[in-house]
Structure formats: C-alpha cells, structure tokens
Amino acid sequence: MKVRELAVEGAYAFEPEAFHDERGSFRSPHQEAAFGAALGGPLFPVAQVSTSRSRRGVVRGVHYTATPGSMAKYVLCTGGRALDVVVDLRLGSPTFGRSERVELSPEAGTALYLPPGVGHLFAALEEDTVMVYLLSAAYRADKERAVHPLDPALGLQLPGGHDPVLSERDRVAPTLAAAREAGLLPSYADCGPAGDGARGGAGR
C-alpha cells in the first residue's frame, strides 16, 4: 500500500497493490496498518456506507458538512472512472483554499481519506461511474452544505468538452466568498479527530 498526503492538510490517497492471475485481480483499498501509520490511529467507526451511480459528465459537489459534528469520509470508485477533487474549505486551516485532483477507478483501486470539514467533488468521466463512501456519521440533511463547483475563485479545472450535469442544489450553491460571508464555512478549530465525530469532508 502506497500512501500519499494530499495538498489539503489531513487528506490522504491510499494506493493498494494489485494481484493479478487468470481469474482477474484482487486489491485491498483499505488496510488498517497503512491508515494507522499515516494518521496515527484506525479508520473512524463507520456509521454509514453510501453509493452513487452517475452518467458521464455528471459533477457532484463541492459538498461538505457543517461544524461542529462534521463527518470524515473514505471514498473510492468501484465502476467507471472519476476525477475526484479535494478542496480545503476549513476557515483557519493552513491549506485553506487549496485543492488537489485525483483520478479514481476500479483498475487503480485508489481510495481517499477526507477529514471533517474538507470539501469534496467528483466528475464522472465514464458512463455508470460508481462511487462508494464510508462515512463517520449518518447523513443529516440539516448538516449538508455546498459551494458552487464552477466558482472561479476555486479554480478547480473540471474536465472540458461538455457542460457539467449538476443537481439543482449545486446549480444554486453559493460561491466560496458568499459562503464565507454568510458564516457557512466550517471552522478548522471545530474539525477535531474523526473518531470524535468532528477533522474531514463529506457530501453526496
């Protein structure tokens, strides 16, 4: 298992080794020892596992959960291919405003750990792109937040060649500046360790 810290503080990419034979391949996208060595403890207790299926061109995000009580997330792609973008929306974070793009696919097997308060977006690069999310807390509609994925201030560089397919929620989401002005962004100080139910990202 290769582990790489992302440009967003506290976020990591985990890249498992693949084992191939005449039947196909085998990977282990979560390994407790590797996770513990990187973050100093085990994966958060999983309160909910969610999946999404998207057609090519769909963009979901940028989503996060409000503090206090923001959730951490462990996410991977099990079908199709996705461009995942991790965005630091935590006010007071040493990497506030930074983002990093990581391509996810079943072939690569890469999984991402997003600490509480961190924003998350993905663009489906193929038909029937399936994402799996392990969440440290159950979904609560009143905790869900979003910023607009096309906000120039974020500079996310989404895939070109087509207009992104957005939900109504994402089409009307505030810009980063508007969310900050309205007091909607999470506080880095409130994003404690995931095991305490509070440092990471979320959003469907």
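Every number here is computed from the coordinates shown, using simple stated rules; none is lab data. Since the model is a prediction, treat every value here as computed from it, not as a measurement. Every residue, glycine among them, receives a Cβ derived from its backbone with ideal geometry; neighbour counts consider all protein chains shown.
Numbers at a glance
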{"item": "Which numbered condition Ala141 misses (of (1) of a type outside the set (Asp, Glu); (2) in contact with a helix residue (DSSP H, G or I) (Cβ under 6 Å, 6 or more places away or on another chain); (3) under 23 Å from Phe44 (Cα atoms))", "result": "(2)"}
{"item": "Members of region 1-25 found to be among the acidic types (Asp, Glu), part of a strand (DSSP E or B) and over 16 Å from Thr95 (Cα atoms), listed by number", "result": "Glu15, Asp21"}
{"item": "Members of region 104-118 that are in contact with a Ser or Thr (Cβ under 8 Å, 6 or more places away or on another chain) and part of a strand (DSSP E or B)", "result": "Leu104, Gly117"}
{"item": "Filtered residue count, region 86-102, keeping only those that are part of a strand (DSSP E or B) and in contact with a Cys (Cβ under 9 Å, 6 or more places away or on another chain)", "result": "0"}
